[in-house]
Number of protein chains: 2
Amino acid sequence: MAKKTYLPHLAYDSVIFGFSDGELKILIMEYHNTGLFALPGGFVQTNENLNDAVLRGLHERTGITNIYLEQFYTFGDMARFKPEVMQTLLEANGIDVKGEYKWMLDRFVTVAYYALINYKDVTPRPDALSDSCEWYPIKKLPKLILDHKLIVEKAIQTLRDNLDRKLVGGNLLPKKFTMNELQKVYEAILSVKLRRTTFQRKMLAADVLKRHEKQFLGKAHKAPYLYSFKK
Amino acid sequence: MAKKTYLPHLAYDSVIFGFSDGELKILIMEYHNTGLFALPGGFVQTNENLNDAVLRGLHERTGITNIYLEQFYTFGDMARFKPEVMQTLLEANGIDVKGEYKWMLDRFVTVAYYALINYKDVTPRPDALSDSCEWYPIKKLPKLILDHKLIVEKAIQTLRDNLDRKLVGGNLLPKKFTMNELQKVYEAILSVKLRRTTFQRKMLAADVLKRHEKQFLGKAHKAPYLYSFKK
DNA sequence: TCATTATTGTCTCAATTTGTAACAATAATA
DNA sequence: TATTATTGTTACAAATTGAGACAATAATGA
């Protein structure tokens, strides 16, 4: 088998959103023996579509296929070129930075994507260089390397801007969900409290939801309907 | 002086919007002796910010500085890798494709930007490889190379999506303009007729316009106010 | 068995925003 | 000085959204 070769100077990073305990969370990796935290990312093979590279990486990290994925910005400032960070990272793994992996110390332009996934579908897997790949609430992120904090902020901003227009909130939930669960997702993304009746009316009027059977949870009150997104 | 070196495999393309005769137009270049049309684009120097590379290219092509510029998507499919196109282009200029310019036949990922400029401020300048750099109405574009048509369509779509949110229409006009001129810009971008009174009310309520003196054009009716954008 | 409790789906009415038309106020013209 | 075309503003209707009320449940427990 031919050795995989990657496009030099080009990377991708992914902001993978999940929702649990009423909070919006993202997957963050911690590198071996360094205390350094970063977004899951990777490189693009020379004969591979950019989008496919990202899907491949996401699959490796989460085990999921069929992911809602959106490209939102490409970061190309010189300020993000800090070879000493990557060097620390490689050396902590006993890799000779003068050898085969020398190219990883070069300047990189990174294409950033965000993904929306159902929290429960995922078993995060660290890669060869990392200790862990774990969920962090967006309000309690560890310090991230390079410009990854900026990338996360831009991802959240774009998600907010797209939320109403694309009605993508449902991608953070299981196939079927209650109106209340959907509302909590919207509230977590927008960081605001929404009015129950107005939210319900808007979602129903948008004509994107299909109503299913009721969900009986054994609680002493009326059971809510389950919904799924149409199509 | 050290020779300029560029990041391999990485390019940018710019969709430069202007407005005249009630139409939205973009700048298209025609390459020497080929009949090939393309978006103005370029490459990123190894020690240069990505955004600065685009601004540099825009300045070279239009003579303008201080341009409203927005990055909107990065195109990285293998389908856009067609070395024969670039080869045609270079050979038509008598350039040996086995020599110094060999790297231009490689696969490229391109970061696409759109710019909004005042039509009158521009004297389009072709570059070394092109015959012309001219305005074309977006509804009457020539056939473009590679995926440049797709890039233009995505630029227009993004511009439409951002128009209300960012109120950027004014960047296509001179500093001072009448409400009617501004409305015509919005109509051209959105491809719809807008209602005069509603448009005026909305723009004034948005509190982004500053009202100046009236504009007397010698017409037999009330003269409109001139406006500029605040800040 | 039947009132109690918490939450849901829907309805009502008020408040706000938007659609639509009317109208008075011009700048030039004839 | 009446006429013309276009402008800025107002007035009212229509549509949308805000805010609360209320009946309809599922369980609970006296």
Computed for the stretch A:144-229: size of charge dipole around the Cα centre, +1 on C-beta of each Lys and Arg, -1 on C-beta of each Asp and Glu, debye to nearest 20, value 420
So the angle from the long Cα axis of helix A:148-166 to the longest Cα principal axis of chain A, reported in degrees to the nearest 10, equals 30
In chain A, taking the dipole from +1 charges on Lys and Arg beta carbons and -1 charges on Asp and Glu beta carbons about the Cα centre, the listed residue (A:49, A:206, A:31) farthest towards the positive end is A:206
Under Stokes-Einstein, the stretch A:174-229 at 4 °C and 1.567 mPa s, with its Kirkwood radius over C-alpha pairs, diffuses with a coefficient in µm²/s of 108
Per the helix-only model, chain B has a calculated mean residue ellipticity at 222 nm (DSSP H runs of ≥4, -39500 (n - 2.57) each, divided over all residues, rounded to the nearest 500) of -8500 deg cm²/dmol
Karplus ³J(HN,Hα) for the stretch A:216-228 (6.51 cos²θ - 1.76 cosθ + 1.60, θ = phi - 60°; Hz, whole; x = Gly/Pro) runs 9, 10, x, 8, 7, 6, 3, 7, x, 6, 8, 10, 9
With one decimal in nm and the nearest listed first, the spacings from residue B:87 to its own position in the other copies, using label points 7 Å along Cα-to-Cβ, are 4.2
Percent relative contact order for chain A, counting Cα pairs under 8 Å at least six residues apart, stands at 24
Note to self: C-alpha centroids of the stretch B:66-82 and the stretch B:204-225 sit apart, in Å, by 38
So, in nm and shortest first, the distances from residue B:198 to its counterparts in the other copies, with label points 7 Å along Cα→Cβ, work out as 2.2
The A/B contact buries a total accessible area, at probe radius 1.4 Å and rounded to the nearest 100 Å², of 1900
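Find out how many positive minus negative residues lie around residue A:32, taking Lys and Arg as positive, Asp and Glu as negative, among other residues whose Cβ is under 15 Å from that of residue A:32.
Neighbourhood net charge equals -4.
Ignoring ligands, DNA and RNA, what percent of the 1.4 Å accessible area of chain B is carbon and sulfur?
The value for chain B is 52 percent carbon and sulfur by accessible area.
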Taking Cα atoms, the helix B:196-205 axis meets the longest principal axis of chain B at an angle in degrees (rounded to 10) of 80
Taking the stretch A:82-218, the equivalent ellipsoid from its C-alpha gyration tensor has semi-axes in Å, biggest first, of 40, 17, 13
If every Lys and Arg gets +1 and every Asp and Glu gets -1 at its Cβ, then about the Cα centre the protein assembly as shown yields a dipole, in debye to the nearest 20, of 2800
In whole angstrom, largest first, the equivalent ellipsoid semi-axes that the Cα gyration tensor gives for the protein assembly as shown are 39, 36, 19
Computed over the Cα atoms of chain A, the Rg and Dmax in Å are 19.9, 67
Using alpha carbon centers only, the stretch A:1-60 is separated from the stretch B:35-63 by a whole-angstrom value of 29
Residues from the stretch A:29-65 losing no less than 10 square angstrom of accessible surface in the full protein assembly compared with the chain alone, 1.4 angstrom probe, ligands and nucleic acids excluded, are A:46, A:47, A:48, A:49, A:50, A:51
Any aspartates and glutamates whose Cα falls less than 18 Å from that of residue A:214, other than same-chain ones fewer than 8 residues away, would be A:181
If you rotate chain A onto chain B, the residue of A with its Cβ nearest that axis, and the gap in whole angstrom, comes out as A:74, 2
To the nearest Å², the heavy-atom accessible area per residue of the protein assembly as shown with 1.4 Å probe amounts to 52
Whole-percent tail of the Cα-Cα distance distribution for the stretch B:34-121, cut at 23 Å, equals 34
Checked against a 27 Å limit on the C-alpha separation, the offending pairs among A:166/B:140; B:175/B:219; A:4/B:149; A:143/A:202 are A:166/B:140; A:4/B:149; A:143/A:202
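The values are calculated or read from the model by the stated rules, or taken from the named source; none is laboratory data. Source: prediction; values computed, not measured. When we count neighbours, we look across all protein chains shown, and the Cβ atoms used for this are built from the backbone with ideal geometry, even at glycine. Side chains included, ligands, DNA and RNA excluded: accessible areas come from the protein's heavy atoms. Shrake-Rupley method; radii C 1.70, N 1.55, O 1.52, S 1.80 Å.
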